[in-house]
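Student: To start, I am sharing the structure in question, which I have written as structure tokens.
The values are calculated or read from the model by the stated rules, or taken from the named source; none is laboratory data. Being a predicted model, the structure only gives us computed values, none of them experimental. A quick note on method: Cβ atoms are made from the backbone with ideal geometry, for glycine too, and the neighbour counts reach across all protein chains shown.
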Amino acid sequence: MSDPRFSAKKAEHTQIPRPKRGEGQWALGYTEPLNKNEQSKKDDDPLHVRDRILHTYSKRGFASIDPADLRGRFRWMGLYTQRAPGFDGGKTAMLEEEELDDEYFMLRVRSDGRLLDASAVRALGEIGVEYARDTADVTDRENIQYHWIRIEDVPAIWDRLDAAGLDSTEACGDSPRPFLGSPVAGVAKDEIIDGSEALAEIKRRYIGDPAFSNLPRKFKTALTGHPSHDVSPETNDVAFVGTVHPVHGPGFDLWVGGGLSTNPMLAQKAGVWIPTDEVADVWAGVASIFRDYGYRRLRSRARLKFLVADWGIEKFREVLEKEYLGRELVSCESPASPVGHRDHVGVHEQQDGDFYVGVAPIAGRVSGTKLVALADLIEKHGAAGARLTPYQKIVLIGVAPDRLDALLADLDAIGLPARPSNWRQNTMACTGIEFCKLAIVETKARAADLVEELEQRFPELDVPITVNVNGCPNACARTQVADIGLKGQLVMHEGQQVGGFQVHLGGATGLEANFGRKLRAHKVTSEGLGEYVGVVVGNYLTGRTAGESFAA
Ligand code: SF4
């Protein structure tokens with residue numbers, strides 16, 4: 001049940017009329033678990049699974065794992081069973097998730113916007129090499145994601161992470177998932193405010209805190225003080241976005257209720273000004289509203305966006321102020337949304353005269369070996385470290401001007417170019433059928449093939465075109481906000497169901513924020529994807545009027 005620290009004025013809950021049909025909101029008295037996920041969380045705090053992994057399961061092996069932990073609470077430690085090899089999307093559409101379980105795990109490690117120094121990058125790489133068959137992907141939540149993890153190796157991996165100041169706590173599950181922080185916090189010349197300390201404070205106080213380990217569903221946080229809004233704040237449950245108050249100066253606006261998947265919604269802006277040292281309190285207030293008032297009856301309505309959509313932003317702010325903060329927030333005009341791109345790829349001068357360098361793996365795929373090589377380069381060239389980005393990229397921070405040319409050549413040599421093609425820079429892909437049990441189609445390899453084909457067909461582009469490849473409707477790689485968003489599904493081809501994609505065209509974030517139009521007739525087989533995208537891009541390039549963007 002709710003934590004008294006964050007609901008001091010509980011009596012006021014009664015002012016909110018109880019809906020005719022319960023949505024499973026604790027604050028309105030619906031405290032009995034209404035589905036099996038809620039029951040599982042009530043049976044045992046999911047954070048307790050850590051001890052069982054350390055002291056029981058890792059010693060006795062995969063067969064010893066309680067199914068309720070395996071398919072439920074393990075997620076709170078960043079662990080999912082991965083998809084067993086040999087099943088394709090067509091054959092498995094009717095199978096239960098557990099029938100696809102492998103005895104190996106996917107493990108997500110959160111970076112939370114942190115600057116990773118050479119030793120942290122090296123630790124991440126060595127874990128990939130030693131325990132994960134050399135896998136390591138940069139995800140669009142600024143995580144490193146491994147595959148092929150054995151339960152027996154988890155304690156040793158956690159020790160290695162801990163020594164590097166990293167962890168996988170609440171990297172999945174109905175919990176505060178990994179945070180997105182500006183990859184250029186504290187160094188960008190045009191930064192409004194450095195939010196690193198605020199984000200670190202939220203993590204210090206609340207990650208692993210039982211007060212927030214039983215949320216209705218996942219809860220995604222983003223924070224940036226950069227004017228490019230480089231953390232996709234529109235698509236997070238809660239976002240803090242740099243703004244300037246005419247009297248108080250730089251601070252953060254609060255945006256709530258964004259999310260994609262099915263029923264995509266953009267976050268609503270509260271129009272407030274929050275100083276750095278109050279961000280963690282406000283975060284706890286928003287998370288508490290979600291915990292107490294969030295809809296728990298149906299998993300499909302359990303994201304914060306449904307509550308915000310029903311309440312409206314004014315009521316949300318009022319409940320936050322009256323019931324959770326006990327004070328009013330300072331009003332402030334919301335910051336203007338930027339136009340254009342936010343991935344920091346390329347070479348950019350910092351505030352201090354050094355440079356930051358954004359590099360582009362293809363669709364986030366790196367490897368343990370590549371991360372070790374990257375750590376070598378950070379050391380060799382005396383850079384401060386690296387940050388991961390929400391666009392599956394890596395930004396090296398603190399490169400001295402006289403090291404730039406040599407560093408760029410070395411980065412090219414390890415396959416992490418800072419001056420990639422449009423297609424390499426602007427293509428993202430989720431995990432897909434290679435490892436994800438929910439997937440219907442292959443994504444990472446498909447994205448790599450697509451990049452190669454489009455680089456040949458359109459080597460030069462004068463406007464960026466983004467392509468997001470997703471293996472199912474869950475939109476982990478943000479289907480709806482790409483110029484060309486691809487949602488994995490089965491499609492009919494010559495009388496047979498085969499793997500393919502529903503196409504969304506013209507999505508965007510920022511000033512032009514909108515969701516791509518789902519074109520019912522536009523479904524394409526996986527095999528035909530390169531040809532299809534080539535035709536769409538070719539038509540745009542030949543048919544556009546002067547200055548017309550792809551989204552228009
Ligand atoms: Fe898996 Fe679907 Fe998410 Fe891709 S979008 S990672 S296939 S759940």
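Student: Being in a helix (DSSP H, G or I) and surrounded by 20 or more Cβ atoms within 10 Å (Cβ to Cβ): is that true of Val154 here?
Tutor: yes
Student: Please go through the stretch 375-399 and pick out each residue that is small (Gly, Ala, Ser) and in a loop (DSSP other than H, G, I, E, B).
Tutor: Gly382, Ala383, Ala384
Student: Checking Val244 against (1) surrounded by fewer than 24 Cβ atoms within 10 Å (Cβ to Cβ); (2) under 22 Å from Pro390 (Cα atoms); (3) in contact with a Pro (Cβ under 8 Å, 6 or more places away or on another chain), only one condition comes out false. Which one?
Tutor: That leaves (2) as the condition not met.
Student: Another question, then. Condition check: crowded, with 22+ Cβ neighbours inside 10 Å and over 30 Å from Leu411 (Cβ atoms). Does Arg296 satisfy that? Reasoning before the result, please.
Tutor: Details: crowded, with 22+ Cβ neighbours inside 10 Å: yes; over 30 Å from Leu411 (Cβ atoms): yes.
For Arg296, the condition - crowded, with 22+ Cβ neighbours inside 10 Å and over 30 Å from Leu411 (Cβ atoms) - is met.
Student: Here's something else I'd like to know. Tell me the residue from Ser334, Ser300 that is modelled with pLDDT under 95 and closer than 30 Å to Ser40 by Cα, please.
Tutor: Ser300
Student: Right, another one. Under 6 Å by Cβ, and 6 or more places apart or on different chains, what pairs join a residue from the stretch 33-55 that is farther than 25 Å from Val154 by Cβ with one that is in a helix (DSSP H, G or I)?
Tutor: Pro33/Gln39; Pro33/Lys42
Student: Could you check, for the stretch 94-105, whether at least one of its residues is closer than 24 Å to Val372 by Cα, at pLDDT 90 or above, part of a loop (DSSP other than H, G, I, E, B) and within 26 Å of the chain's Cα centre (by Cα)?
Tutor: no
Student: I need a count of the residues in the stretch 461-483 that are part of a loop (DSSP other than H, G, I, E, B), within 22 Å of His147 (Cβ to Cβ) and within 9 Å of the ligand (Cβ to nearest atom).
Tutor: Result for the stretch 461-483: 6.
Student: Does Gly128 satisfy the condition of being modelled with pLDDT of 95 or more, small (Gly, Ala, Ser) and assigned to a helix (DSSP H, G or I)?
Tutor: On the way: modelled with pLDDT of 95 or more: yes; small (Gly, Ala, Ser): yes; assigned to a helix (DSSP H, G or I): yes.
So Gly128 passes the test.
Student: Just one of Arg110, Arg122 is crowded, with 23+ Cβ neighbours inside 10 Å and within 25 Å of Tyr391 (Cβ to Cβ); which is it?
Tutor: On the way: Arg122 fails: crowded, with 23+ Cβ neighbours inside 10 Å.
It is Arg110.
Student: I'd like the residue in the stretch 134-151 that is more than 16 Å from the chain's Cα centre (by Cα) and part of a loop (DSSP other than H, G, I, E, B) and, out of all such residues, is surrounded by the fewest Cβ atoms within 10 Å (Cβ to Cβ).
Tutor: Going residue by residue through the stretch 134-151, those that are more than 16 Å from the chain's Cα centre (by Cα) are 134-135, 147-151.
With part of a loop (DSSP other than H, G, I, E, B) added as a condition, the list becomes 134-135, 150.
Details: Asp134: 19, Thr135: 22, Arg150: 15.
Among them, the one singled out is Arg150.
Student: Of Leu438, Leu486, which residue is more than 10 Å from the ligand (Cβ to nearest atom), in contact (Cβ under 8 Å) with a residue 40 or more places away in the chain and either in a loop (DSSP other than H, G, I, E, B) or not charged (D, E, K, R) (or both)? Don't jump to the end; show me each part of the working.
Tutor: Values: Leu438 fails: more than 10 Å from the ligand (Cβ to nearest atom).
Answer to the selection: Leu486.
Student: If you check Phe458, Phe550, which single one turns out to be at negative phi, modelled with pLDDT under 90 and away from the ligand (no atom under 16 Å from the Cβ)?
Tutor: Matching residue, one of Phe458, Phe550: Phe550.
Student: Could you list, in sequence order, the residues of the stretch 396-435 that are surrounded by fewer than 22 Cβ atoms within 10 Å (Cβ to Cβ) and within 16 Å of the ligand (Cβ to nearest atom)?
Tutor: Glu434
Student: Do the conditions hold for Ser288, that is, is it at negative phi, surrounded by 15 or more Cβ atoms within 10 Å (Cβ to Cβ) and part of a helix (DSSP H, G or I)? Step through it out loud before you land on a result.
Tutor: Working: at negative phi: yes; surrounded by 15 or more Cβ atoms within 10 Å (Cβ to Cβ): yes; part of a helix (DSSP H, G or I): yes.
Criteria met by Ser288.
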